[in-house]
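All remarks here apply to the structure that follows.
The values are calculated or read from the model by the stated rules, or taken from the named source; none is laboratory data. This one's a predicted model, so the numbers in the text were calculated from it and none came from an experiment. Positions of Cβ are backbone-derived with ideal geometry, glycine not excepted, and every protein chain shown enters the neighbour counts. All accessible areas refer to the heavy atoms of the entire protein, side chains included, with ligands and DNA or RNA removed. Shrake-Rupley method; radii C 1.70, N 1.55, O 1.52, S 1.80 Å.
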Amino acid sequence: MATTYPIDPARALPTAAYRSKAFEAENRAVWRTAWIFVGTADEVAEPGDFVTTVLGGQPVIVLRRQNGELAAMSNLCAHRGTLLATGHGNTKRFQCPYHAWTFADDGRLLAVPHTRRDDVDRADHGLPTYRAELWHGLVFVSMGDGPTVAERLAHLEPIVRDAGIADLHHWTGQRSEEVWECNWKLAMANAMESYHLFQVHPETLEPYTPTADAYYLLGSADGTATGGRSSSGEDYTLLSLPPNLVAVVSDGNLLWQAVQPIEWNRTRIITGGAYPHPSPEHSTGIGRLLGLAADAATSLVPDFLPEDKAICERGQAAATGDFEPGPLVPMEQVVGDFHHFLNRHLHGAPVPPVRTSAEVGIARRVDDAEAIR
């Protein structure tokens, strides 16, 4: 399980973590074994609904079978490996556009045109299937084995259950997608921590979610909950679920950002949100502020995503050099939890149990704003 770079959970990652040699090892050890966020229940709500994605370089179809079961299977035809489907849609079966081999929604090979029945053993040429699970309206897929999503995230259950995010409406029209020229870990760690807000987002986020009011709640290698207090006086919770999902929960709203590696130095960034009401006009609070930030035409605050993109790409530009990784400060404990996740998957290292802010020695909030400047 060795990889190409060392990981010290208490320190920043070395620049070798953002180079090409690490990418294939991560594809195998992380993206093809962990639970990966792939979308929302609304996208596959009805029998026959499907969406396509890529996990660790492996094309995957996520679907709602005709019997109502949530499922996932390979998106490569068992004949010559052609993509069976692209984008999203609704169908009862999948037919390859190359030679019309046809598969059922459970992966069974149904038809092989212009052959005798015994020319191809259909039982031996079905599509591999993977685990798919729903967690509070969010869909996760894993190509590996081990605990379920609910078991992995049991320590976060009280926080998420009380927020009621499973009952929210996902605004698919507000979803955005773009490519950043950076490694996926740079984008993920940036989304997790609030330590950079005062410096990177002085006019966009800092006035609404001050760095000084951010705090740690509890966390582990499987997921961390941090929080903060907005300028309006309401508290928000930030859920960081490695390897690819960060979500803000506030005032009954949910905003999420997902990362999807394309290459070692290119990452697809997908943002979306879910709210108590079916349209933006009826939503309130910081969830509305953040949920609309991706849509510059209707945003109530300036769009902060270009600032995140710029700082992550600046970090990637530095990956050609070497340095002695510096220590993570207390406000970056969530990044340390992420490093434990990486250490477990890449090195087989043991990880600490779930810890609260008191157990890791982190104050609930920083009262002295000058301490971070």
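Taking the numbered list (1) surrounded by fewer than 20 Cβ atoms within 10 Å (Cβ to Cβ); (2) farther than 30 Å from Leu168 by Cα in turn, Ala17 passes all entries but (1). Scanning the range 106-120 for residues that are closer than 29 Å to Asp49 by Cβ and either open to solvent by 60 Å² or more (accessible area, probe 1.4 Å) or not β-branched (Val, Ile, Thr) (or both) returns Asp106, Gly107, Arg108, Leu109, Leu110, Ala111, Pro113. Put simply, of Arg268, Arg314, Arg364, Arg373 the only residue that is under 21 Å from Val200 (Cα atoms) and at pLDDT below 70 is Arg373.
For the range 13-37, the set of residues classified as under 18 Å from Thr320 (Cα atoms) and of a type in the set (Ser, Thr, Tyr) consists of Thr15, Tyr18, Ser20, listed by residue number.
For the range 85-105, give me each residue that is under 16 Å from Asn67 (Cβ atoms), open to solvent by 70 Å² or more (accessible area, probe 1.4 Å) and not polar (S, T, N, Q). Those that are under 16 Å from Asn67 (Cβ atoms), open to solvent by 70 Å² or more (accessible area, probe 1.4 Å) and not polar (S, T, N, Q): Lys92, Arg93.
Could you count how many residues in the range 309-336 are in a loop (DSSP other than H, G, I, E, B) and surrounded by 19 or more Cβ atoms within 10 Å (Cβ to Cβ)?
Selection size over the range 309-336: 1.
Scanning the range 41-54 for residues that are buried (at least 23 other Cβ atoms within 10 Å of the Cβ) and in contact with a helix residue (DSSP H, G or I) (Cβ under 9 Å, 6 or more places away or on another chain) yields one hit, Phe50. Look at the range 4-26: where a residue is touching a residue at least 40 places away in the same chain (Cβ under 8 Å) and among the aromatic types (Phe, Trp, Tyr) and a partner is open to solvent by less than 30 Å² (accessible area, probe 1.4 Å) and outside any helix (DSSP H, G or I), sitting 6+ places away or on another chain with Cβ atoms under 7 Å, you get Tyr18/Asn183. Taken over the range 55-77, residues that are open to solvent by less than 40 Å² (accessible area, probe 1.4 Å) and under 22 Å from His125 (Cβ atoms) amount to 14.
Could you check, for the range 49-60, whether at least one of its residues is out of contact with any Gly (no Cβ under 9 Å at 6 or more places or on another chain), more than 21 Å from Asp167 (Cβ to Cβ) and among the small types (Gly, Ala, Ser)? Among the residues of the range 49-60, at least one is out of contact with any Gly (no Cβ under 9 Å at 6 or more places or on another chain), more than 21 Å from Asp167 (Cβ to Cβ) and among the small types (Gly, Ala, Ser), which makes the answer yes.
Taking the range 116-131 as the range and being β-branched (Val, Ile, Thr) and not in a loop (DSSP other than H, G, I, E, B) as the test, only Thr129 passes. Which of the residues that make up the range 140-175 are hydroxyl-bearing (Ser, Thr, Tyr) and open to solvent by 30 Å² or more (accessible area, probe 1.4 Å)? Scanning the range 140-175 gives Thr148, Thr172. When the range 39-87 is examined, which residues are found to be more than 19 Å from Ala111 (Cβ to Cβ), among the aliphatic types (A, V, I, L, M), under 18 Å from the mean Cα position of the chain (by Cα) and in a strand (DSSP E or B)? Residues satisfying the conditions are Val51, Val54, Leu55, Val60, Val62, Ala72.
Does Pro306 qualify as being modelled with pLDDT of 95 or more and open to solvent by 30 Å² or more (accessible area, probe 1.4 Å)?
Spelling it out, Pro306 is indeed modelled with pLDDT of 95 or more and open to solvent by 30 Å² or more (accessible area, probe 1.4 Å).
Being part of a loop (DSSP other than H, G, I, E, B) and crowded, with 20+ Cβ neighbours inside 10 Å is the filter here, so list the residues in the range 263-276 that pass it. Answer for the range 263-276, where residues must be part of a loop (DSSP other than H, G, I, E, B) and crowded, with 20+ Cβ neighbours inside 10 Å: Trp264, Asn265.
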